[in-house]
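Structure first, then comments.
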Amino acid sequence: MLKIAVVILNWNGEGLLEKFLPSVAAFSQEAELYVVDNASTDGSIAFLKKNYPQINIIQNLSNGGYAKGYNDALPKVNADIYCLLNSDVEVTKDWLLPIIKEFKGNPSAAIIQPKILDYKNKTFFEYAGAAGGFIDKYGYPFCRGRIFNELEADNGQYNDVKEIFWATGACLFIKREVFEELKGFDEDYFAHQEEIDLCWRAKNKGHGVFYVGGSEVYHLGGSTLSSMNPKKTFLNFRNSLYSIVKNLPSKKAFPIILLRLVLDGLAGINFIFQGRYKHCWAVLRAHFSFYKNFINIFKKREKACFTKNYYATKSIVWSYYINHVKKFNILVKD
């Protein structure tokens, strides 16, 4: 029997716990439940102790974000498989069974994500993960079921099991031994795209990342930082550059970084035309932070076998804005 632990990271999320924990508690009989609290100052801990005494509580000493929060807590969790679950996710009946089946039947599966649907519009995929994550040659992420802000309706087109490039941090299953081998998340990311880096490093070491469409969850999204928050823009642009430096061989990484800086500049100009001036400044700050931390990030490169075919399409920006491709199954042919 695989020992599964569902581990929910919380920071001042009493309202989210009240709203979303009932489904997790009701439909996760195959797992032990944990809430990791990142030094909340609201009533989260009191709420858990009163209403969910069966749930294990791990209290971190500080709010180190997603990456450090899980890195600090997971060594205290006794399980073969960790499920890292956002506090704003509603799960469904028997959601764990297809995941467990895939881990048991597929030895190469080290990381798995379920189908991520939109809590607010349950017939559509949700932005953070949809039906599995991919990147283009220049490190821009997209998903089956979601390209930029274009979300597909769930018509059963992704009811499959498929190898993907990255699994969403909103609901990410990972073998404990693999998490330990990778030394967890890179805490320099703080939040956003640290799961892409984790999956990329896993693939560089020969591990498989998979999507299992037979398991469904509903994600609210934007509970920590909404897409309208410039800090999210800052983290996404900077952390994407970090991942390229860390996970590609030098002869590929440096030309791509140079072109990325240009493409990011165009994105900043686009923000100006949209009147989102703070987001343009966030792109600039992301680049300044990248330059400042470049040496530290470069030192984290591992002498590993780099994944050769890491990207699903050359340029998602070109495909979307020039060729007007809005759906994954048109962009990438199986």
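Would you be able to say whether some residue in segment 297-307 is among the small types (Gly, Ala, Ser), touching a helix residue (DSSP H, G or I) at 6+ places or on another chain (Cβ under 7 Å) and in a helix (DSSP H, G or I)?
First pass over segment 297-307, keeping only residues among the small types (Gly, Ala, Ser): 304.
Right, trim to touching a helix residue (DSSP H, G or I) at 6+ places or on another chain (Cβ under 7 Å) and you get 304.
So of that shortlist, the ones also in a helix (DSSP H, G or I) come out as none.
So far as segment 297-307 goes, no, none of its residues is among the small types (Gly, Ala, Ser), touching a helix residue (DSSP H, G or I) at 6+ places or on another chain (Cβ under 7 Å) and in a helix (DSSP H, G or I).
Yes or no: segment 122-134 includes at least one residue that is touching a strand residue (DSSP E or B) at 6+ places or on another chain (Cβ under 7 Å) and of a type in the set (Ser, Thr, Tyr). Before you say what the answer is, go through the steps one by one.
To start, the set of residues in segment 122-134 that are touching a strand residue (DSSP E or B) at 6+ places or on another chain (Cβ under 7 Å) comprises 122-134.
Pick out the ones that are also of a type in the set (Ser, Thr, Tyr) and you get 123, 127.
Yes - at least one qualifying residue is present in segment 122-134.
Please work out which one of (1) crowded, with 17+ Cβ neighbours inside 10 Å; (2) not in a helix (DSSP H, G or I) is the condition Val24 fails and give its number.
Answer for Val24: the failing condition is (2).
Check Thr41 against each of (1) β-branched (Val, Ile, Thr); (2) surrounded by fewer than 16 Cβ atoms within 10 Å (Cβ to Cβ); (3) under 22 Å from the mean Cα position of the chain (by Cα) and name the one condition it does not meet.
(3)
For every residue, the table says whether it meets (1) of a type in the set (A, V, I, L, M, F, W, C); (2) out of contact with any Phe, Trp or Tyr (no Cβ under 9 Å at 6 or more places or on another chain); (3) modelled with pLDDT of 95 or more; (4) surrounded by fewer than 18 Cβ atoms within 10 Å (Cβ to Cβ).
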| site | (1), (2), (3), (4) |
| --- | --- |
| Phe237 | yes, no, yes, no |
| Lys292 | no, yes, yes, yes |
| Lys299 | no, yes, no, yes |
| Asn329 | no, no, no, yes |
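Can you name the number of the only condition in (1) crowded, with 18+ Cβ neighbours inside 10 Å; (2) at negative phi; (3) within 20 Å of the chain's Cα centre (by Cα) that Val77 fails?
(3)
Go through the residues of segment 216-224 one by one and say whether even a single one is over 30 Å from Pro98 (Cβ atoms), modelled with pLDDT of 95 or more and β-branched (Val, Ile, Thr).
no
Among the residues of segment 92-114, is any farther than 23 Å from Asn204 by Cα, modelled with pLDDT of 95 or more and in a strand (DSSP E or B)?
no
Pick out the one residue from Val89, Val77, Val24 that is at pLDDT 95 or above and within 23 Å of Gln193 (Cα to Cα).
Exactly one of Val89, Val77, Val24 is at pLDDT 95 or above and within 23 Å of Gln193 (Cα to Cα), namely Val89.
Going residue by residue through segment 60-81, is there one that turns out to be out of contact with any His (no Cβ under 6 Å at 6 or more places or on another chain), closer than 22 Å to Ile99 by Cβ and assigned to a strand (DSSP E or B)?
Looking for residues that are out of contact with any His (no Cβ under 6 Å at 6 or more places or on another chain), closer than 22 Å to Ile99 by Cβ and assigned to a strand (DSSP E or B), one finds at least one in segment 60-81, hence yes.
Can you list the strands (runs of 3 or more DSSP E) lying wholly within segment 136-219 that have 2 or more residues being under 13 Å from the mean Cα position of the chain (by Cα)?
The strands (runs of 3 or more DSSP E) meeting that bar are 141-143, 171-175, 208-219.
Could you check how many residues of segment 145-167 are in contact (Cβ under 8 Å) with a residue 12 or more places away in the chain and on the phi > 0 side of the Ramachandran plot? Please lay out each step first, then the result.
Kept after step one, since they are in contact (Cβ under 8 Å) with a residue 12 or more places away in the chain, are these residues of segment 145-167: 145-154, 157-167.
Add one more test, that the residue is on the phi > 0 side of the Ramachandran plot, and what stays is 145, 148.
Residues in segment 145-167 being in contact (Cβ under 8 Å) with a residue 12 or more places away in the chain and on the phi > 0 side of the Ramachandran plot: 2 in total.
Considering only segment 265-280, I want to know if a residue exists there that is assigned to a loop (DSSP other than H, G, I, E, B) and among the aliphatic types (A, V, I, L, M).
There is no residue in segment 265-280 that is assigned to a loop (DSSP other than H, G, I, E, B) and among the aliphatic types (A, V, I, L, M).
Here are some residues: Phe20, Phe47. Which one is aromatic (Phe, Trp, Tyr) and under 23 Å from the mean Cα position of the chain (by Cα)? Give the derivation first.
Values: Phe47 fails: under 23 Å from the mean Cα position of the chain (by Cα).
Step by step, each of Phe20, Phe47 is checked, and only Phe20 is aromatic (Phe, Trp, Tyr) and under 23 Å from the mean Cα position of the chain (by Cα).
Exactly one condition in (1) assigned to a loop (DSSP other than H, G, I, E, B); (2) in contact (Cβ under 8 Å) with a residue 12 or more places away in the chain; (3) within 28 Å of Ala130 (Cα to Cα) is not met by Lys333; state its number.
(2)
Give the residue that is surrounded by the fewest Cβ atoms within 10 Å (Cβ to Cβ), with candidates limited to residues of segment 256-280 that are of a type in the set (A, V, I, L, M, F, W, C) and farther than 21 Å from Tyr310 by Cα.
Initial filter on segment 256-280 (of a type in the set (A, V, I, L, M, F, W, C)): 256-259, 261-263, 266-267, 269, 271-273, 280.
Cutting the leftovers down to farther than 21 Å from Tyr310 by Cα gives us 262, 266-267, 269, 271-273, 280.
Details: Val262: 10, Leu266: 12, Ala267: 16, Ile269: 12, Phe271: 19, Ile272: 12, Phe273: 8, Cys280: 21.
The residue in question is Phe273.
Scanning for something touching a residue at least 12 places away in the same chain (Cβ under 8 Å), of a type outside the set (A, V, I, L, M) and in a loop (DSSP other than H, G, I, E, B), does segment 225-238 turn up at least one residue?
Yes, that holds for at least one residue.
Quick one: how many residues across segment 275-331 are hydrophobic (A, V, I, L, M, F, W, C) and within 21 Å of the chain's Cα centre (by Cα)?
Of the residues in segment 275-331, the ones hydrophobic (A, V, I, L, M, F, W, C) are 280-284, 286, 288, 290, 294-295, 297-298, 304-306, 312, 316-318, 322, 325, 328, 330-331.
Next, from what is left, pick out any that are within 21 Å of the chain's Cα centre (by Cα): 282-283, 286, 290, 297, 306, 312, 316-317, 328.
Final tally of qualifying residues: 10.
Taking the residues in segment 96-128 that are of a type in the set (Asp, Glu) and under 16 Å from Leu172 (Cα atoms) as candidates, determine which candidate is surrounded by the fewest Cβ atoms within 10 Å (Cβ to Cβ).
Glu102
Of the residues Leu151, Leu182, Leu198, which single one is surrounded by 24 or more Cβ atoms within 10 Å (Cβ to Cβ) and either at pLDDT 95 or above or not polar (S, T, N, Q) (or both)?
From the options Leu151, Leu182, Leu198, the qualifying one is Leu198.
The values are calculated or read from the model by the stated rules, or taken from the named source; none is laboratory data. This one's a predicted model, so the numbers in the text were calculated from it and none came from an experiment. Backbone-built Cβ (ideal geometry, glycine too); neighbour counts: all protein chains shown.
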